[in-house]
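J.: I have a structure here, written as structure tokens, and I will follow up with some questions on it.
The values are calculated or read from the model by the stated rules, or taken from the named source; none is laboratory data. Model, not experiment: these values are computed from the prediction. Positions of Cβ are generated from backbone atoms using ideal geometry, with glycine treated the same way; all protein chains shown enter the neighbour counts. With ligands, DNA and RNA removed, areas are computed over all heavy atoms of the protein, side chains included. Shrake-Rupley method; radii C 1.70, N 1.55, O 1.52, S 1.80 Å.
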Amino acid sequence: CSPTVPLAPTTSLFERLGGMQNLTAVVDDFVSKVSIDPRSRRTFEGVNLVRLKASVVSHLCSLSGGPCKYEGDSMALAHRGMALTSEELQVMGEYVGQALIRRGVAKQDREELETILDKLAGEVVNK
Ligand code: HEM
């Protein structure tokens, strides 16, 4: 009989982020922080954070190969009229990184998510 060569297991970034439970904790952590930091809280006034967190979880789940279907607005539409600055984006990025570390996500996996987010920066900043 022919030997079966075991394939390297492939896990999605979603799984490496710790799945839905960990992703939900990460989003809860960084959205809570970015929405109260004086450097970045400006645009969160009056925003329903419970709804926003759920939407961001779905977005990141979908982007990382998880089982979600993001049904919110496009990034350009969601941030239209906010005139977000690169500083505000950077503050968010710092909190994302810290939340991922706190939740035990490996460096390589953190970088993979950061690369995905960096690509969306142009749709979000200065709109
Ligand atoms: C690559 C960077 C970013 C991504 C991927 C992102 C993602 C999202 C997503 C998925 C939503 C929900 C849209 C919906 O439910 O239709 C959202 C809304 C929002 N984002 Fe971002 N965001 C980014 C950067 C930022 C930054 C830097 C800020 C402010 C510091 C910010 C502030 C907001 C606010 C205030 C809302 C709520 C808008 C509303 O409900 O009226 N975002 N974002």
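J.: Within the range 1-74, report the chymotrypsin sites (Phe, Trp or Tyr not before Pro) that DSSP leaves as loop and that have at most 16 other Cβ atoms within 10 Å.
T.: Working: sites: PHE14, PHE30, PHE44, TYR70; in loops: TYR70.
Taking the range 1-74 and a limit of 16 other Cβ atoms within 10 Å, the loop chymotrypsin sites (Phe, Trp or Tyr not before Pro) found are TYR70.
J.: Shifting gears a bit: Just the isolated ones, please: cysteines in the chain lacking another cysteine beta carbon under 4.7 angstrom.
T.: Flagged as lacking a Cys partner: CYS1.
J.: Could you work out [θ]222 nm for the chain from helices alone, using -39500 (n - 2.57) per DSSP H run of at least four and dividing by all its residues? Round to the nearest 500 deg cm²/dmol.
T.: Working: 6 runs with 74 residues, N = 127.
Only helices count here, giving -18000 deg cm²/dmol.
J.: Another question, if that's okay. Regarding the chain, what is the average projected area of its C-alpha convex hull, in nm²?
T.: Across all orientations, the chain yields a mean hull projection of 9.3 nm².
J.: Which whole-angstrom value gives the distance between the alpha carbon centres of the range 84-127 and the range 51-81?
T.: 14 Å
J.: Put a dot 7 Å past each Cα toward the Cβ at ALA54 and ILE36; how far apart are the dots in nm?
T.: A separation of 2.2 nm, rounded to one decimal place.
J.: Name the GluC sites (Glu not before Pro) in the range 37-112 that are in a loop by DSSP and that have at most 14 other C-beta atoms within 10 Å, would you? Please report the intermediate quantities before stating the final value.
T.: On the way: sites: GLU45, GLU71, GLU87, GLU88, GLU94, GLU111, GLU112; in loops: GLU45, GLU71.
Hits after loop and neighbour filter: GLU45, GLU71.
J.: Before I look further, what does the range 15-124 give for accessible area per residue, probe 1.4 Å, in whole square angstrom?
T.: Details: 6430 Å² over 110 residues.
Normalised by residue count, the accessible surface of the range 15-124 is 58 Å².
J.: Set the Förster radius R0 to 25 Å, insert the Cβ-Cβ distance between LEU117 and LEU7 as r into 1/(1 + (r/R0)^6), and round the FRET efficiency to 0.05. Spell out each step's value before the answer.
T.: On the way: r = 30 Å, r/R0 = 1.18.
After rounding, the FRET efficiency stands at 0.25.
J.: What is the helix-to-structure angle for 107-124, meaning the angle in degrees between its Cα long axis and the longest Cα principal axis of the chain, kept from 0 to 90 and rounded to the nearest 10?
T.: For 107-124 against the chain, the angle is about 40 degrees.
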